[in-house]
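Reading through the structure tokens given below for one structure.
The values are calculated or read from the model by the stated rules, or taken from the named source; none is laboratory data. If you're wondering where the values come from, they're calculated on a predicted model, not measured in any experiment. Positions of Cβ are backbone-derived with ideal geometry, glycine not excepted, and every protein chain shown enters the neighbour counts. Please note that ligands, DNA and RNA were not included when accessible areas were found on the heavy atoms of the full protein model with its side chains. Shrake-Rupley method; radii C 1.70, N 1.55, O 1.52, S 1.80 Å.
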Amino acid sequence: MSARLLKMTTKLIAGLTLIMLGLAVGQTEAQAQAGDVRRAADGKPDLSGIWQAVGAAHWDIEPHAAYAARLDETGAIGAAPGGLGIVDGGMIPYRPEAVTRRQENFENRRTEDPEAKCYLPGVPRATYMPFPFQIVQGTNKILIAYEFASANRVVHMDPVPESPVDTWMGHSVGRWDGDTLVVDVTAFNGQTWFDRAGNHHSSALHVVERYTPVTPHHITYEATIEDPNTFTRPWKITLPLYRRMEENMQLLEFRCVEFSEELLYGHLRKQP
């Protein structure tokens, strides 16, 4: 064997060794992560706990720069931080007429955002608002309770009829896909927004959520969003959720109705 051929063979063997080591390490890490995930009595991942998103999706789920508050708000306190966005591909595929409404929503967000009126936030918005939420996992039902406005919903893991009415939080039906909790959400009333930037939808909204535990303290959350009345195609958001680790952590009350009474009913006050 020539020196050149020997050198090439040595490099090839070294490269294959590195590839095999990489695959082995990746497999070991995946096995370690799967082994670290908390399990319920039935062997499924146990997602019970208090979770919270971290990021700027609350202000705008699309990529955006920081922007100033309105002139009648309180300086930097009312300003929004910039964010990289959580929409796969960057931008929401709006129909042309829906873009116009989104801009109108943004211009009137101070009074028209359902959050300002303390209305229930809907899905998926409730997941990435700057409030914690709690998952209580049973066998046939999973309860998700949100701190904002005491919103809550039940994920039905057993067969149930379709919802007879449309609601703010929709109708949630779940199933397991391996270690991923998949939740199919329908029957929305069409009155919620996705964020403070005015991103919106109609009552034809259909959301499929995926909760995938990565570690005992970290869930990858995905939501595929479909609404032919508003969007040209389905699209998806992706973000991490983190377990709140404080000792004695619990949801606190945020009954925002009393904070919104002036906005909603102040114009009805009898004038002197």
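Here the stretch 69-185 is treated with +1 on each Lys and Arg Cβ and -1 on each Asp and Glu Cβ, and its dipole about the Cα centre works out to around 120 debye.
Assuming charge only on the beta carbon of Lys and Arg (+1) and of Asp and Glu (-1), the dipole of the chain about its Cα centre is about 820 debye to the nearest 20. Rounded, prolate or oblate: which fits the stretch 49-135, taking a ≥ b ≥ c as square roots of the Cα gyration tensor eigenvalues, rounded meaning a/c under 1.5, else prolate when a/b beats b/c? Rounded. When a/c reaches 1.5 or more, the comparison of a/b and b/c decides; with that in mind, is the stretch 142-188 rounded, prolate or oblate per its Cα gyration tensor? In terms of gyration-tensor shape, oblate. Report the rotationally averaged projected area of the stretch 143-272 based on its alpha-carbon convex hull, in square nanometres. Averaged projected area of the stretch 143-272's Cα convex hull equals 11.9 nm². Accessible surface computed residue by residue for the stretch 76-228, with neighbouring protein chains in place and a 1.4 Å probe, gives 42 Å² per residue. Computed from the Kirkwood radius of its Cα pairs, the Stokes-Einstein diffusion coefficient for the stretch 112-152 at 20 °C and 1.002 mPa s stands at 196 µm²/s.
Counting only protein chain heavy atoms and rolling a 1.4 Å probe, the accessible areas of F254, F148 rank, largest first, as F254, F148.
Measuring r between the beta carbons of L263 and T232 and using R0 = 51 Å, the FRET efficiency lands at 0.90.
Helices meeting the span-like rule in the chain (full DSSP H runs, Cα extent of at least 18 Å along the helix axis, mean Kyte-Doolittle score of 0.5 or higher): 3-36. Dipole check for the stretch 143-272: with +1 at the C-beta of Lys and Arg, -1 at the C-beta of Asp and Glu, and the Cα centre as origin, the magnitude is about 280 Debye. Selection among W193, L252, H64 by position relative to the dipole of the chain gives H64 as farthest towards the positive end (Cβ unit charges, Cα centre). Mean residue ellipticity at 222 nm, helices only, the chain: -7500 deg cm²/dmol; runs of at least 4 DSSP H residues each add -39,500 (n - 2.57), and the sum is divided by the number of residues. Summing charges over all other residues whose Cβ lies under 14 Å from the Cβ of D42, with Lys and Arg as +1 and Asp and Glu as -1, gives +2.
Across all directions, the average projected area of the convex hull around the alpha carbons of the stretch 120-206 is 6.0 nm². Per residue, the convex hull spanned by the Cα atoms of the chain amounts to 221 cubic angstrom. Using a probe of 1.4 Å on the protein chains alone, the accessible area found for D60 is around 10 Å².
Think of the chain as a dipole: +1 on every Lys or Arg Cβ, -1 on every Asp or Glu Cβ, centred on the Cα centre; then among P161, A151, W235, W235 lies furthest on the positive end. For D36, project a label point 7 Å along Cα to C-beta. Then give me every residue of the stretch 233-261 with its amide nitrogen under 15 Å of that point. Taking a point 7 Å out along Cα→Cβ of D36, the residues of the stretch 233-261 whose backbone N falls under 15 Å are 241-243.
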